Amino acid sequence: MKKQNIYILLILLIAGQVLFAQTNNIFNVKDFGAVGDGKTLDTEAVRKAVSKCAENGGTVLFPSGDYLIGSVDLKSNVDIYIQRGATLWGSTNIKDYEERVPKLKSYNDYFLKHSMFYAERVENISIRGEGAIDGQGASYKITTKKKPERYMNRPFIIRFVECKNVKVEGVTLRNSAMWMQQYLACESLFIHGIKVYNHSNKNNDMIDIDGCKNVVMSDCIGDSDDDALTLKSTSDRITENVTITNCVFSSHCNAIKFGTESTGGFRNITISNIVIKPSEHPTHIYGVNNGISGITLGMVDGGIVEGIIISDIRIDGPKVPIYMRLGNRGRKHTPNAEQPGIGIFRDVKISNVIASNIGSKVGSSITGIPGHNIENVTLRNISIEYPGGGTAEDAAKEIEELEKHYPESTKFGDLNSYGFFVRHVNGITFDNVSVKYKEKDVRPAFVFDDVKDIRIINSSAKSDKKTKEVFRFENSENVSVSGFLSSESISNIVTVKGNKSKNILLWNNDFRKVENIISSKNVNKKEIRLFNNLKK
């Protein structure tokens, strides 16, 4: 290549770089007075850079360094970019954070007023890069158990309210004093490739997606003391049209959780390709080291759960693998709000789940309340190994309704089934579901109480010789069990109880190792039919 051509190429490259810089409007925080030594408070410099950037849009750049900041309000068309080698450190002085109470009223307004990055009713904002944000959350001490004081004066790292076109990508988020990040009533929210480690204080959630719509979250890794992936509805806005995929979650509490608050509810949500594993943090503040639950779907403050698909999940370690709860706590999201009615919980599909190293004998549960049933649930291709240890006393236990309780999977205590306890449900299918245990457990694998339209297909369950039944149906109707294989010699496979039980059908099952297929109490014998089963 001739020298003249090389010079022309160099000129074009330089011109292109200048043009790129101009069209992208890059605003280096150091040009606005940021020191970046980790000691000097750089808040005002960052605010100036954000304000200047907002005039025409562009990127506020944090080059390599340590930036100590308090609260910064983002404006429309501002992109925060944190370069590799740059860390933003949250100030440990609460006076460096402005109080912000959103116009949209929600349950959080009583006590959540501070955050490092705050945005409200703006659009086209982002926080990106290969750097980190560290809230230094352990510096904020809780001095009382009293509400709401125990939550106050602990800042979030990110809180965005009623914003549109939001992106958070690539950054590492550490050590918030409160929740790590809350997105309240945002629209078109994209979370990609972030890494979260949150073990410095109480209420250390990984992420709270709250009343948002049109959300895509992917390729994230989160490890938190409190709940990890947390879908909430703390206002009257519904969380809807959400897809979450290709993530690894660890929590001392609940790895995937809907419904700590649920006024608006949750609709049209898919979660797939998730690994749930024990936290790498050696001690817990809340919960237990290996976690409370893998999947929790709760609806206790009105609202709706509808159209939820969860698939391809590996669960390792928590106390309870799967928990679904329709309750009636009925907590208002604001003092002047109408009293919530009992919610709606329907159309949920969970498939392709492997769960092991379960940390308690509680078992999984799917429960509504009297007169208000969960509807249309499908569990397909699920394998769960429980620890075992259930006794005859456990099997005879009456499970309280607890309809006004907080939606926690361990609230019932050890259930009277080791696999699944199902109560107040209309329409449930177990298709290729396998449950077993490590140590001896004489509880039934499945207990159904006040359940209609039950289909159990090609499923299996480990049972001890002293187990009184594998399946217990109490006041349940329209039951079909087919393709069940009993691999152990047991005395009884099915118990049917209650004068409301009817239309019980067992067909095409392998019962050759079963002494007695059916026992019943207070049930019309004509309501139980056996067809084409292999018998001893």
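The values are calculated or read from the model by the stated rules, or taken from the named source; none is laboratory data. In this text the structure is predicted, and so the values were computed from the model without any measurement. Backbone-built Cβ (ideal geometry, glycine too); neighbour counts: all protein chains shown. Heads up: the accessible areas ignore ligands, DNA and RNA and are worked out on the full protein's heavy atoms, side chains in. Shrake-Rupley method; radii C 1.70, N 1.55, O 1.52, S 1.80 Å.
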Single residue of the range 84-116 satisfying the filter (in contact with a Ser or Thr (Cβ under 6 Å, 6 or more places away or on another chain) and among the polar types (S, T, N, Q)) that is nearest to T334 (Cα to Cα): S106
Residues that are assigned to a loop (DSSP other than H, G, I, E, B) and aliphatic (A, V, I, L, M), drawn from the range 106-140: L112, V122
Of all residues making up the range 204-221, the number that are farther than 16 Å from K167 by Cα and surrounded by fewer than 24 Cβ atoms within 10 Å (Cβ to Cβ): 1
Test: residue in the range 306-317 that is in contact with a Cys (Cβ under 6 Å, 6 or more places away or on another chain) and either closer than 17 Å to S409 by Cβ or at pLDDT 95 or above (or both): no
Residue in the range 238-247 that is touching a residue at least 60 places away in the same chain (Cβ under 8 Å) and of a type outside the set (V, I, T) present: no
Every residue from the range 120-145 that is closer than 17 Å to I94 by Cβ and either without any contact (Cβ under 8 Å) to a residue 60 or more places away in the chain or among the charged types (D, E, K, R) (or both): D134, S139, K141, T143, T144
Every residue from the range 440-477 that is among the basic types (K, R) and part of a strand (DSSP E or B): K452, R455, R472
Test result for G259, in contact (Cβ under 8 Å) with a residue 12 or more places away in the chain, surrounded by fewer than 24 Cβ atoms within 10 Å (Cβ to Cβ), touching a Gly at 6+ places or on another chain (Cβ under 6 Å) and within 23 Å of I276 (Cα to Cα): no
Of all residues in the range 93-138 being more than 26 Å from the chain's Cα centre (by Cα) and surrounded by fewer than 16 Cβ atoms within 10 Å (Cβ to Cβ), the one that is farthest from E162 (Cα to Cα): N93
Some residue of the range 337-352 being closer than 26 Å to V288 by Cβ, modelled with pLDDT of 95 or more and of a type in the set (G, A, S): no
Residue within the range 476-499 that is modelled with pLDDT of 95 or more and in contact with a Pro (Cβ under 6 Å, 6 or more places away or on another chain) present: no
Complete set of residues in the range 270-286 that are under 18 Å from the mean Cα position of the chain (by Cα), closer than 26 Å to N352 by Cβ and either in a loop (DSSP other than H, G, I, E, B) or not β-branched (V, I, T) (or both): S272, N273, K277, P278, S279
Subset of the range 17-51 (residues that are of a type in the set (G, A, S), modelled with pLDDT of 95 or more and out of contact with any Phe, Trp or Tyr (no Cβ under 8 Å at 6 or more places or on another chain)): G33, S51
Tally, over the range 172-216, of residues that are closer than 25 Å to K103 by Cα, assigned to a loop (DSSP other than H, G, I, E, B), of a type outside the set (S, T, N, Q) and over 16 Å from the mean Cα position of the chain (by Cα): 4
Extreme residue, farthest from C212 (Cα to Cα), among residues of the range 226-256 that are open to solvent by 10 Å² or more (accessible area, probe 1.4 Å) and part of a strand (DSSP E or B): V248
Some residue of the range 335-356 being in contact with a Phe, Trp or Tyr (Cβ under 6 Å, 6 or more places away or on another chain) and either β-branched (V, I, T) or in contact (Cβ under 8 Å) with a residue 12 or more places away in the chain (or both): no
Counted residues, the range 288-302 - those being touching a Lys or Arg at 6+ places or on another chain (Cβ under 9 Å), in a loop (DSSP other than H, G, I, E, B) and over 17 Å from G265 (Cβ atoms): 4
Members of the range 318-336 that are of a type in the set (V, I, T) and either touching a helix residue (DSSP H, G or I) at 6+ places or on another chain (Cβ under 7 Å) or modelled with pLDDT under 95 (or both): T334
Positions within the range 275-332 being open to solvent by less than 10 Å² (accessible area, probe 1.4 Å) and more than 20 Å from P407 (Cβ to Cβ), in sequence order: G317
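If I go through the range 265-274 residue by residue, how many of them are open to solvent by less than 10 Å² (accessible area, probe 1.4 Å), free of Cβ contacts under 8 Å to residues at least 60 places away in the same chain and touching a Gly at 6+ places or on another chain (Cβ under 8 Å)?
Summing the residues that are open to solvent by less than 10 Å² (accessible area, probe 1.4 Å), free of Cβ contacts under 8 Å to residues at least 60 places away in the same chain and touching a Gly at 6+ places or on another chain (Cβ under 8 Å) in the range 265-274 gives 2.
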Residue among K167, K103, K75, K145 that is part of a loop (DSSP other than H, G, I, E, B), out of contact with any helix residue (DSSP H, G or I) (no Cβ under 8 Å at 6 or more places or on another chain) and closer than 21 Å to C212 by Cβ: K103
Selected residue [at pLDDT below 95 and within 20 Å of S200 (Cα to Cα)] from Y151, Y110, Y140, Y97: Y151
Selection from the range 334-357 of residues that are open to solvent by less than 60 Å² (accessible area, probe 1.4 Å) and of a type in the set (V, I, T): T334, I342, V348, I350, V353
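Hey, can you tell me all the residues within the range 27-51 that are assigned to a helix (DSSP H, G or I) and of a type in the set (S, T, N, Q)?
T43, S51, listed by residue number.
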Residues (touching a strand residue (DSSP E or B) at 6+ places or on another chain (Cβ under 7 Å), in a loop (DSSP other than H, G, I, E, B) and not hydroxyl-bearing (S, T, Y)) located in the range 411-434: F412, L415, N416, G419
